[in-house]
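The values are calculated or read from the model by the stated rules, or taken from the named source; none is laboratory data. Computed from a prediction, not measured in an experiment: that's the story for all the values here. Neighbour counts run over all protein chains shown; Cβ positions are idealised from the backbone, glycine included.
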Amino acid sequence: MNDVLYHKSMALCSLPYEKVRLLNTSADGYLYQVIADTETDWVINIDEDAFVCNVAALQHLFDYCIENHYINCGMPDGGVVHLRDGNPLVTNPYLNILHTKAIREQFDINKLIESPNQTRFSQTDLLVGAHDFNAVDVEPYYPFFIWMSNHFKTLYLKATNHPDGESTILYNHLGEEVLIHTWYSRFYNRDPFHTRRINNAFKEACRKQGIRYHNTPKDTITCTIARANSLLQKSLVKAKRMIVKQ
């Protein structure tokens, strides 16, 4: 988890709902935490490196899911953008809208081992690239979303590759741009290319919302320390390689 990215992401997600940050969890464990929360009926799950470009478009999507009884929505994890070639039945969890109350009524973690059923995927027009409907273990969250696809109504969303070559632009059911997902958050303030690319995507989302954002003093210090540590680590690696060569 990255504090700076979290603050940036949430600054752009100005929906009138409570925001809850889940820490010290796993790639699938946080989903089970969300489902277990009996005080919540609906959840918008969003990654810290996903930057909302149009809050109204996200609200439209949320309302549409509720009105049309979708239990889950998100981008297929295969066939849509070049970075993901997994199972289209699985919605990549950088953005999901989940009807957790409906899921909770049927959920049993011991019954998640199910075979994918390709007939449950009808939005074949979204598939423009490599994918595998038989994939079951690409990511830890695959069993959960395959189970979801077998039991609940899912809305699959269109996405396209961002001009930066790495990020993803996600659209709602109306074709409105919702957010930019940058991926590779683990490299933020560690790798210059990805840090610059993620910052540029954030600035783009800010421009589209008409927002001017400034890092907090704490975030500025965190970024400076992280970059310094990254440079130190690279210097140490380089020095070690030089010593080995000698």
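Residues in segment 124-140 that are in contact (Cβ under 8 Å) with a residue 40 or more places away in the chain and either touching a Ser or Thr at 6+ places or on another chain (Cβ under 9 Å) or β-branched (Val, Ile, Thr) (or both): 128, 134, 136, 138, 140. State all residues of segment 1-30 that are under 30 Å from residue 137 (Cα atoms) and touching a Ser or Thr at 6+ places or on another chain (Cβ under 9 Å); if no residue qualifies, say none. 1, 2, 3, 5, 20, listed by residue number.
Could you tell me whether residue 62 is at pLDDT 95 or above, within 13 Å of residue 96 (Cβ to Cβ) and touching a strand residue (DSSP E or B) at 6+ places or on another chain (Cβ under 8 Å)?
Working: at pLDDT 95 or above: yes; within 13 Å of residue 96 (Cβ to Cβ): yes; touching a strand residue (DSSP E or B) at 6+ places or on another chain (Cβ under 8 Å): yes.
Judged against the criteria, residue 62 is a match.
Under the condition of being of a type in the set (Gly, Ala, Ser) and touching a Phe, Trp or Tyr at 6+ places or on another chain (Cβ under 9 Å), which residue from segment 27-53 is nearest to residue 5 (Cα to Cα)?
Pass one, segment 27-53, residues of a type in the set (Gly, Ala, Ser): 27, 29, 36, 50.
Remaining after also requiring touching a Phe, Trp or Tyr at 6+ places or on another chain (Cβ under 9 Å): 27, 36, 50.
Details: 27: 18, 36: 26, 50: 9 Å.
Checking each candidate, the answer is 50.
When segment 92-121 is filtered for residues that are β-branched (Val, Ile, Thr) and out of contact with any Ser or Thr (no Cβ under 7 Å at 6 or more places or on another chain), the ones remaining, listed by number, are 97, 103, 109, 113, 119. Of all residues in segment 83-92, those that are outside any strand (DSSP E or B), in contact (Cβ under 8 Å) with a residue 40 or more places away in the chain and in contact with a strand residue (DSSP E or B) (Cβ under 6 Å, 6 or more places away or on another chain) total 3. Go through the residues of segment 3-11 one by one and say whether even a single one is among the hydroxyl-bearing types (Ser, Thr, Tyr), on the phi < 0 side of the Ramachandran plot, in contact with a Pro (Cβ under 7 Å, 6 or more places away or on another chain) and surrounded by 13 or more Cβ atoms within 10 Å (Cβ to Cβ). No, the conditions are met nowhere in segment 3-11.
Would you pick out the residues in segment 85-132 that are touching a Cys at 6+ places or on another chain (Cβ under 7 Å) and more than 25 Å from residue 50 (Cβ to Cβ)? Result: no residue meets the conditions.
Could you please let me know if residue 65 is over 24 Å from residue 195 (Cα atoms), over 14 Å from the mean Cα position of the chain (by Cα) and buried (at least 17 other Cβ atoms within 10 Å of the Cβ)?
Numbers: over 24 Å from residue 195 (Cα atoms): yes; over 14 Å from the mean Cα position of the chain (by Cα): yes; buried (at least 17 other Cβ atoms within 10 Å of the Cβ): yes.
Yes.
Considering only residues that are acidic (Asp, Glu) and surrounded by fewer than 18 Cβ atoms within 10 Å (Cβ to Cβ), look in segment 115-143 and name the one that is farthest from the chain's Cα centre (by Cα). Here the answer is 125.
Within segment 22-41, none of the residues are buried (at least 21 other Cβ atoms within 10 Å of the Cβ), of a type outside the set (Lys, Arg) and touching a strand residue (DSSP E or B) at 6+ places or on another chain (Cβ under 7 Å). Taken together, 103, 35, 113, 66 contain a single residue that is farther than 23 Å from residue 183 by Cβ, in contact (Cβ under 8 Å) with a residue 12 or more places away in the chain, assigned to a loop (DSSP other than H, G, I, E, B) and of a type outside the set (Lys, Arg), which is 113.
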